[in-house]
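Asks: Here you go, one structure.
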Ligand code: SF4
Ligand code: SF4
């Protein structure tokens, strides 16, 4: 006889030995469908022998509680709870080196599948994604606002406390050293190289149109707001510059 009300176990299917919070079945399915409907999914997953060759060659598997074989098996068997569980920590161990893809006899790409799971974690605003990406907020700010991901002025003890005491060894007269480099685009310390205004705005437009900024808003709203302000200014600067060019052309 059917019960009138579903039990907690019927509503929230989770691994009883996992620390992950219980998540509704609908949410688990939604997350899996986001991974599965990506155009790359069928290319990255063709079946799995469970042979473990990928894990044997995976550098991350040597150092972390992570196995590409396990990731592929979870997706291949559509283990929704296991997929969600792996997205809480394990998927962030992958180094994206793609050694696994080169070795798999089924032409799977476990690293590529991890990438899809990471994108889904970001899309769903999972805490694991926020925690992993938080230390990179300065790099993301630099990348999106200038078109560079790392600049010489960032290589200092404050910027990379995790590099330990050796960071002081790279403390150097950067402005002088950079001026000594022949290419003018490298005569800068605040960007890795000079990206002109037009290119910077074009790059930003690509990230805007492809949904990268929406993803950023999901995981770090403050950073998103700062970048929006910077890029609004850049767009205005570009418009002013284009008007000046047009005026100059009219005068000729
Ligand atoms: S993904 Fe490929 S290498 Fe890894 S266990 Fe499956 S068949 Fe083997
Ligand atoms: S891409 Fe990721 S899963 Fe594949 S071998 Fe490299 S670290 Fe391991």
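Only the coordinates and a few stated rules stand behind these numbers; no lab work does. Not measured: the values here are computed from a predicted model. Quick reminder, even Gly has a Cβ in these numbers, built from the backbone with ideal geometry, and neighbours come from all protein chains shown.
Asks: For the chain, what's the relative contact order in percent, using C-alpha pairs closer than 8 Å and at least 6 residues apart?
Replies: Values: 271 pairs, mean separation 34.9, N = 252.
For the chain, the relative contact order is 14 percent.
Asks: Nearest 10 degrees, 0 to 90: what angle lies between the long axis of helix 197-209 and the longest principal axis of the chain (Cα atoms)?
Replies: With rounding to tens, the tilt is 20 degrees.
Asks: How big, in percent, is the set of alpha carbon pairs in the chain lying more than 35 Å apart? Provide the component values of the computation, followed by the final result.
Replies: On the way: 10851 of 31626 pairs.
Tail of P(r) above 35 Å: 34 percent of Cα pairs.
Asks: So what's the back-of-envelope 222 nm ellipticity for the chain, counting only DSSP H runs of four-plus at -39500 (n - 2.57) apiece and dividing by all residues, rounded to 500? Before the final figure, lay out the partial values.
Replies: On the way: 15 runs with 140 residues, N = 252.
Taken over the chain, the calculation gives -16000 deg cm²/dmol.
Asks: When the scattering of region 46-155 is computed by the Debye formula from its Cα atoms alone, each counted once and equally, what is log10 I(q)/I(0) at q = 0.17, 0.19 Å⁻¹?
Replies: -0.83, -0.96
Asks: Quick one: order 97, 104, 58 by neighbouring beta-carbon count within 10 Å, fewest to most.
Replies: Numbers: 97 13, 104 23, 58 26.
Ranking 97, 104, 58 by Cβ neighbours within 10 Å, fewest first, gives 97, 104, 58.
Asks: Specify the residue with the greatest mean-square fluctuation among 212, 72, 176, computed from a Gaussian network of the chain linking alpha-carbon atoms under 10 Å apart.
Replies: Highest fluctuation among the options: 176.
Asks: Give, in nm to one decimal, the length gained when the segment between residue 43 and residue 202 is fully stretched (0.36 nm per residue of separation minus the Cα-Cα distance). Numbers along the way, then the final one.
Replies: On the way: separation 159, 0.36 × 159 = 57.24 nm, distance 3.01 nm.
Stretched fully, the residue 43-residue 202 segment lengthens by 54.2 nm.
Asks: Multiply the residue gap between residue 233 and residue 96 by 0.36 nm, knock off their C-alpha separation, and tell me the result in nm, one decimal place.
Replies: Details: separation 137, 0.36 × 137 = 49.32 nm, distance 3.50 nm.
This chain segment gains 45.8 nm when fully extended.
Asks: How large are Rg and Dmax for region 65-121 when calculated on the C-alpha trace, in angstrom?
Replies: So, for region 65-121, Rg and Dmax equal 10.4, 28 Å respectively.
Asks: Using the Kirkwood radius over Cα pairs, work out the Stokes-Einstein diffusion coefficient for region 114-252 at 4 °C and 1.567 mPa s, in µm²/s as a whole number. Numbers along the way, then the final one.
Replies: Numbers: Rh = 17.3 Å.
D = 75 µm²/s.
Asks: Now, a different point. Would you order 91, 167 from fewest to most other beta-carbon atoms within 10 Å of each residue's own beta-carbon? The partial results should precede the final answer.
Replies: Numbers: 91 22, 167 16.
Ascending Cβ contact count within 10 Å gives the list 167, 91.
Asks: When all alpha-carbon pairs of region 25-94 are counted, what percent fall beyond 18 Å?
Replies: Details: 957 of 2415 pairs.
So the portion of pairs separated by more than 18 Å is 40 percent.
Asks: Could you tell me the center-to-center distance, by alpha carbons, between region 231-252 and region 58-94 in angstrom?
Replies: Computed from Cα coordinates, the inter-centre distance equals 50 Å.
Asks: What relative contact order, as a whole-number percentage, does region 171-217 give when Cα pairs under 8 Å and 6 or more residues apart are counted? Walk me through the numbers before you get to the answer.
Replies: Values: 24 pairs, mean separation 8.7, N = 47.
Here the relative contact order equals 18 percent.
Asks: Considering the chain as a Gaussian network with a 10 Å cut-off on Cα pairs, which listed residue, 148, 79, 50, attains the greatest mean-square fluctuation?
Replies: Residue with maximal mean-square fluctuation among 148, 79, 50: 50.
Asks: For residue 157 and residue 251, compute 0.36 nm times the residue count separating them, minus their Cα-Cα distance, and round to one decimal in nm. Intermediate results must be reported in sequence, preceding the final value.
Replies: Values: separation 94, 0.36 × 94 = 33.84 nm, distance 5.15 nm.
Going from the current span to full extension adds 28.7 nm.
Asks: Helix 137-146 sits at what angle to the longest principal axis of the chain, using alpha carbons and giving 0 to 90 degrees rounded to 10?
Replies: Helix 137-146 sits at roughly 50 degrees to that axis.
Asks: Moving on to the next point. Gaussian network model of the chain, Cα springs within a sub-10 Å range: biggest mean-square fluctuation belongs to which of 113, 213, 174?
Replies: Taking springs between Cα atoms under 10 Å, the residue moving most is 174.
Asks: Any idea how far apart residue 141 and residue 107 come out in nm if each label point goes 7 Å out from Cα toward Cβ?
Replies: 4.5 nm
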